[in-house]
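Peer 1: Here you go, one structure.
The values are calculated or read from the model by the stated rules, or taken from the named source; none is laboratory data. Every value quoted in this text rests on a predicted model; they were computed, and no experiment measured them. In this analysis, Cβ positions are derived from the backbone assuming ideal geometry, glycine residues included, and neighbour counts consider all displayed protein chains.
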Amino acid sequence: MPIQHDEGKQLDPPRVQQLTGAEDELVRGAASADPDIAALRDLGKVQRFAGQRELLRIVVGATGLREGMDLDTAADILYAIGSPETYRLLVVDRGWSGSRFERWYGETLELLLLDPPRPGQPDGVPPS
């Protein structure tokens with residue numbers, strides 16, 4: 001499902017994962033033979049984690065995390081589940097469609113990171 005940006009451009013998450021996954025495969029292969037590329041790959045992982053952690057902090061600021069879940073643990077979970085490796089395993093190796101992956105990804109993160117809605121509380125509405 002494409003996401004509309006302010007500039008009028010669209011972002012298609014499954015397509016972004018597909019491109020990122022292909023790039024990751026290429027860089028992973030090159031990194032095994034070249035220490036400079038390996039260092040750049042490691043830096044990319046650090047930056048991806050930092051970006052995902054900050055996005056998580058912004059997104060859950062309004063709703064909060066599941067009781068007992070701290071931001072660092074939630075960021076670790078997001079980093080693992082949102083990795084190019086996870087996408088590759090399910091979409092490339094197991095034949096999932098991009099839309100199936102996107103649905104699973106959102107549902108899984110919601111189940112793992114956020115409190116379930118209270119009875120009578122609509123989904124997506126923070127508890128008062």
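Peer 1: Using the structure shown, decide if GLN52 is surrounded by 15 or more Cβ atoms within 10 Å (Cβ to Cβ), within 25 Å of GLY98 (Cβ to Cβ) and at pLDDT below 80.
Peer 2: Working: surrounded by 15 or more Cβ atoms within 10 Å (Cβ to Cβ): yes; within 25 Å of GLY98 (Cβ to Cβ): yes; at pLDDT below 80: no.
Judged against the criteria, GLN52 is not a match.
Peer 1: Criterion first (buried (at least 17 other Cβ atoms within 10 Å of the Cβ) and not charged (D, E, K, R)) does GLY82 satisfy it? Working first, answer last.
Peer 2: Details: buried (at least 17 other Cβ atoms within 10 Å of the Cβ): yes; not charged (D, E, K, R): yes.
Answer is yes for this residue.
Peer 1: If you don't mind, there's one more thing I want to ask. Could you grab the pairs with beta carbons closer than 9 Å, sequence gap of 6+ or different chains, first residue in segment 19-32 and surrounded by 14 or more Cβ atoms within 10 Å (Cβ to Cβ), second one modelled with pLDDT of 70 or more and outside any helix (DSSP H, G or I)?
Peer 2: Going by the 9 Å Cβ cut-off, the qualifying pairs are ASP24/SER83.
Peer 1: Okay, next question. Does segment 3-22 contain any residue that is part of a helix (DSSP H, G or I) and modelled with pLDDT of 70 or more? If you could, list the steps in order and put the result at the bottom.
Peer 2: Restricting attention to segment 3-22, the residues satisfying the condition of being part of a helix (DSSP H, G or I) are 13-22.
Those left that are additionally modelled with pLDDT of 70 or more: none.
So far as segment 3-22 goes, no, none of its residues is part of a helix (DSSP H, G or I) and modelled with pLDDT of 70 or more.
Peer 1: Hey, can you tell me all the residues within segment 33-47 that are surrounded by fewer than 11 Cβ atoms within 10 Å (Cβ to Cβ) and not in a helix (DSSP H, G or I)?
Peer 2: At the first step, the residues of segment 33-47 found to be surrounded by fewer than 11 Cβ atoms within 10 Å (Cβ to Cβ) are 33, 35-36, 43, 46-47.
Correct list: ALA33 only.
Peer 1: Taking only segment 86-109 into account, find how many residues are assigned to a helix (DSSP H, G or I), of a type outside the set (A, V, I, L, M) and exposed (fewer than 15 other Cβ atoms within 10 Å of the Cβ). Working first, answer last.
Peer 2: Here is the first cut: in segment 86-109, the residues assigned to a helix (DSSP H, G or I) are 86-93, 98-109.
Filter once more, so that each one left must be of a type outside the set (A, V, I, L, M): 86-88, 93, 98-108.
Narrowing further to those that are exposed (fewer than 15 other Cβ atoms within 10 Å of the Cβ): 93, 99-100, 103-104, 106-108.
Number of matching residues: 8.
Peer 1: Counting just the residues of segment 55-77 that are of a type outside the set (Val, Ile, Thr) and farther than 12 Å from LEU114 by Cα, which one comes out surrounded by the most Cβ atoms within 10 Å (Cβ to Cβ)?
Peer 2: Pass one, segment 55-77, residues of a type outside the set (Val, Ile, Thr): 55-57, 61-62, 64-72, 74-76.
With the extra rule that they be farther than 12 Å from LEU114 by Cα, the set shrinks to 55, 57, 72, 75-76.
Working: LEU55: 13, ARG57: 12, ASP72: 9, ALA75: 19, ASP76: 14.
Selected residue: ALA75.
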